[in-house]
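Asks: Dropping the structure in here first, questions after.
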Amino acid sequence: MSRVDFYHLTRSSLESALPRLLEKVLKSGARAVVMVGSDERVEALNAHLWTYDDRGFLPHGSAKDGHAAEQPIWLTNQDENPNAASVLVMVDGSRSQRLAEYDRCLEMFDGRDDDAVAAARRRWAEYRDAGHQVSYFQQNERGGWEEKA
């Protein structure tokens, strides 16, 4: 079974928090798939990850860019793992049937959206009942993450 960590966005947007988590993934030597809800979101994040920090960028790609096997971070709205990633990041309520392929799965959801919070609670119970190890992290005042019980 995989480890599934829930990241409850309460202080910042996905566009602000996601790059910081992806930096940690890459620093650990892992690869990631970021699964989003639409083609438009793929393209928006694709552009954002090149420009979010004026000191650098996150190496990544999408189907539009090609060369999936060479991409450390793969952006997609499909349930796929073409870059042999060990980390899956799910946003926009996206769901994967391939959790067992990953060592770690991150569920990021907007705490200001009641529907997203309710859906995350349902997924937490589903993952726990399926035998996955689940953890919950909430943003603190500084924008960092605190694990909660």
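The values are calculated or read from the model by the stated rules, or taken from the named source; none is laboratory data. None of the values given here were measured: they were computed from a predicted structure. For neighbour counting, all protein chains shown are included, and Cβ atoms are generated from backbone atoms with ideal geometry for every residue, glycine included.
Asks: From the residues in region 34-62 that are among the hydroxyl-bearing types (S, T, Y) and at pLDDT below 95, which one is nearest to E15 (Cα to Cα)? Can you show your working first?
Replies: Initial filter on region 34-62 (among the hydroxyl-bearing types (S, T, Y)): 38, 51-52, 62.
If we keep only those that are at pLDDT below 95 as well, we get 51-52.
Numbers: T51: 11, Y52: 8 Å.
Filtering region 34-62 for residues that are among the hydroxyl-bearing types (S, T, Y) and at pLDDT below 95, the one nearest to E15 (Cα to Cα) comes out as Y52.
Asks: Against the definition (more than 16 Å from the chain's Cα centre (by Cα), of a type in the set (D, E) and part of a strand (DSSP E or B)), how does E146 come out, yes or no? Break it down into steps so the answer makes sense when it comes.
Replies: Numbers: more than 16 Å from the chain's Cα centre (by Cα): yes; of a type in the set (D, E): yes; part of a strand (DSSP E or B): yes.
Spelling it out, E146 is indeed more than 16 Å from the chain's Cα centre (by Cα), of a type in the set (D, E) and part of a strand (DSSP E or B).
Asks: Any idea which of A130, A85 is among the small types (G, A, S) and within 13 Å of the chain's Cα centre (by Cα)? Step through it out loud before you land on a result.
Replies: Working: A130 fails: within 13 Å of the chain's Cα centre (by Cα).
Sole residue among the options that is among the small types (G, A, S) and within 13 Å of the chain's Cα centre (by Cα): A85.
Asks: Residue pairs, Cβ under 7 Å, 6 or more apart or interchain, first in region 22-36 and of a type in the set (A, V, I, L, M), second assigned to a helix (DSSP H, G or I) and surrounded by 13 or more Cβ atoms within 10 Å (Cβ to Cβ). List them.
Replies: Hits for this filter: A32/L22; A32/V25; V34/L45; V36/V42; V36/L45.
Asks: Just a yes or no: is a residue in region 97-113 more than 18 Å from R128 (Cα to Cα) and of a type in the set (S, T, N, Q)?
Replies: From region 97-113, those more than 18 Å from R128 (Cα to Cα) are 110-113; that's our starting set.
Narrowing the set further to residues that are of a type in the set (S, T, N, Q) leaves none.
No, every residue in region 97-113 fails to be more than 18 Å from R128 (Cα to Cα) and of a type in the set (S, T, N, Q).
Asks: Could you tell me whether any residue of region 123-137 is touching a helix residue (DSSP H, G or I) at 6+ places or on another chain (Cβ under 6 Å), modelled with pLDDT of 95 or more and surrounded by 13 or more Cβ atoms within 10 Å (Cβ to Cβ)? Explain how you work it out, then say what you get.
Replies: Restricting attention to region 123-137, the residues satisfying the condition of being touching a helix residue (DSSP H, G or I) at 6+ places or on another chain (Cβ under 6 Å) are 134.
Add one more test, that the residue is modelled with pLDDT of 95 or more, and what stays is 134.
Add one more test, that the residue is surrounded by 13 or more Cβ atoms within 10 Å (Cβ to Cβ), and what stays is 134.
Checking region 123-137: at least one residue is touching a helix residue (DSSP H, G or I) at 6+ places or on another chain (Cβ under 6 Å), modelled with pLDDT of 95 or more and surrounded by 13 or more Cβ atoms within 10 Å (Cβ to Cβ).
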